[in-house]
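*Asks:* Handing you this structure, nothing more for now.
The values are calculated or read from the model by the stated rules, or taken from the named source; none is laboratory data. This one's a predicted model, so the numbers in the text were calculated from it and none came from an experiment. We place every Cβ from the backbone using ideal geometry, glycine too, and count neighbours over all the protein chains shown. In case anyone asks, the SASA skips ligands and DNA or RNA and just uses the protein heavy atoms, side chains included. Shrake-Rupley method; radii C 1.70, N 1.55, O 1.52, S 1.80 Å.
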Amino acid sequence: MSWLELLNNLENGSVRAATQDEQGNWHANIEVKQGILEAFKNGNNIEFPGGFVDKHNLAPQGFAAEAGVRMVPGGSSVRRGAHVASGTIIMPPAYVNIGAYIGEGTMVDSHALVGSCAQVGKNVHLSAAVQLGGVLEPIGASPVVIEDDAFIGAGCVIVEGVVVKKGAVLAPGVRLSATIPVYDCINERQLDKGEAIPENAIVIPGSRPSSSKWGREQGLNMSCALIVKYRDEQSDASLELEEVLR
């Protein structure tokens, strides 16, 4: 398909930048990412109202009331080629980049970034200042994925293709990347490199001694993440969102 058809299909959700196989693993859709790069190649920088400059074919989206998306005034932007489903709320300022996917009923709070090709499921809460890393190149690299019903606390940073499975909860300030180790304190194991955050896991920021002898002698610590619990009725109640907000 042409890059124009691709952008339209990304926006209506019929095509996605990543897909999930029968085993629940996520894979980058290389053809989609190639098409997005082709759109950039075919775009020319122009001046848009409001004093900003971007590719002529990647202008920010507007939403009609019947789309069911509530984007509150104050500086938010959803770029061309991103899908935002009905029931989504976007609080200002927030940014959703090209190729991103946001499922029904998700909250994107102030100062949040949904990076290029990031995949966010249904009924997810992205709290204030959450940063989901984007990825267009290298072409085969998998994007960040946040599955349904996850709760991502304020100031969390999730990059380098990390997958957060259904119902997981990240406490404020958690940092997740391909190189930051995650320790499951309930099952007493370290997650394998690239392993997804498990379903319903509750994750908090942690630290561990430096891996070098000199660092340990200096009392230095390195960042890590700790799974300290799995969701139960009590934790679910504390995370329940007020329907009146929608």
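*Asks:* Report Rg (one decimal) and Dmax (nearest whole number) for the range 140-230, counting Cα atoms only, units Å.
*Replies:* Looking at the range 140-230, its Cα Rg and Dmax stand at 13.4, 43 Å.
*Asks:* Under a 1.4 Å probe, what is the accessible area of the chain per residue, stated in Å²?
*Replies:* Accessible area per residue: 50 Å².
*Asks:* Let me ask something additional. Considering the Cα positions of the chain, please state its Rg to one decimal place and its Dmax as a whole number of Å.
*Replies:* Final numbers for Rg and Dmax: 18.8, 62 Å.
*Asks:* Could you compute the FRET efficiency for residue 216 and residue 177, with r as their C-beta to C-beta distance and R0 at 30 Å, rounded to 0.05?
*Replies:* Efficiency for this residue pair is about 0.85.
*Asks:* Please give the net charge around residue 57, taking every other residue with its beta carbon less than 12 angstrom from that of residue 57, where Lys and Arg add +1 and Asp and Glu add -1.
*Replies:* It works out to a net charge of +2.
*Asks:* Carbon and sulfur: what percent of the chain's accessible surface (1.4 Å probe)?
*Replies:* 51
*Asks:* Can you order the peptides 171-184, 81-94 by their average number of other Cβ atoms within 10 Å per residue, highest first?
*Replies:* Working: 171-184: 17.1, 81-94: 20.9.
Sorting 171-184, 81-94 by mean packing, highest first, produces 81-94, 171-184.
*Asks:* Mean projection of the alpha-carbon convex hull of the range 73-203 over all orientations, in nm²?
*Replies:* 7.3
*Asks:* Same structure, new question: I'm a student and want to see the number: the projected area of the Cα convex hull of the range 53-148, averaged over all directions, in nm².
*Replies:* About 6.0 nm², averaged over all directions.
*Asks:* Further question: Stokes-Einstein at 20 °C, 1.002 mPa s, Kirkwood radius from Cα pairs: D for the range 1-41 in µm² s⁻¹?
*Replies:* 201
*Asks:* For the chain, with the dipole built from +1 on Lys and Arg beta-carbon atoms and -1 on Asp and Glu ones, taken about the Cα centre, which of 63, 177, 89 lies farthest toward the positive end?
*Replies:* Of the listed residues, the answer is 177.
*Asks:* Using the per-residue mean of other Cβ atoms lying within 10 Å as a proxy for protection, in what order, highest first, do the peptides 139-147, 30-38, 212-220, 59-67 fall?
*Replies:* In descending order of packing, they fall as 139-147, 30-38, 59-67, 212-220.
*Asks:* Sorted by mean Cβ packing within 10 Å, highest first, what order do the peptides 125-131, 12-18 take? Spell out each step's value before the answer.
*Replies:* Values: 125-131: 21.0, 12-18: 17.3.
Top to bottom by mean Cβ count within 10 Å: 125-131, 12-18.
*Asks:* Further question: Just to be sure I understand the model, the point goes 7 Å from the Cα along the line to the Cβ. What's the resulting residue 70 to residue 234 distance in nm?
*Replies:* My value for the distance between the label points is 3.2 nm.
*Asks:* I would also like to ask the following. Count of lysine pairs in the chain with Cα atoms under 20 Å apart, counting only pairs 8 or more residues apart in sequence or on different chains?
*Replies:* Count of close lysine pairs: 9.
*Asks:* Under a Cβ-only charge scheme (Lys and Arg +1, Asp and Glu -1), can you give me the dipole magnitude of the chain about the Cα centre, in debye to the nearest 20?
*Replies:* Working: 19 positive and 28 negative charges, 151 e Å.
With Lys and Arg at +1 and Asp and Glu at -1, about 720 debye.
*Asks:* At 10 °C and 1.306 mPa s, what whole-number value in µm²/s does Stokes-Einstein give for the translational diffusion of the range 10-77, with Rh from the Kirkwood sum over Cα pairs?
*Replies:* Estimated via Stokes-Einstein, D reaches 107 µm²/s.
*Asks:* How large is the charge dipole for the range 1-125, taken about the Cα centre, if only the Cβ atoms of Lys, Arg (+1) and Asp, Glu (-1) carry charge, to the nearest 20 debye?
*Replies:* 200
*Asks:* Could you work out how far helix 3-12 tilts from the main Cα principal axis of the chain, as a 0 to 90 degree angle to the nearest 10?
*Replies:* Here the helix axis deviates by roughly 60 degrees.
*Asks:* Can you give the relative contact order of the range 97-210 as a percent, counting alpha carbon pairs under 8 Å and 6+ residues apart?
*Replies:* Taking the mean separation of contacting Cα pairs over the length of the range 97-210, I get 19 percent.
*Asks:* Can you give the net charge of the other residues whose Cβ lies under 14 Å from the Cβ of residue 120, counting K and R as +1 and D and E as -1?
*Replies:* Net of charged neighbours comes to -1.
*Asks:* OK, next. Going toward the positive end of the dipole of the range 117-246, with +1 on Lys and Arg Cβ and -1 on Asp and Glu Cβ, which of 126, 164, 191 do you reach last?
*Replies:* Farthest towards the positive end: 191.
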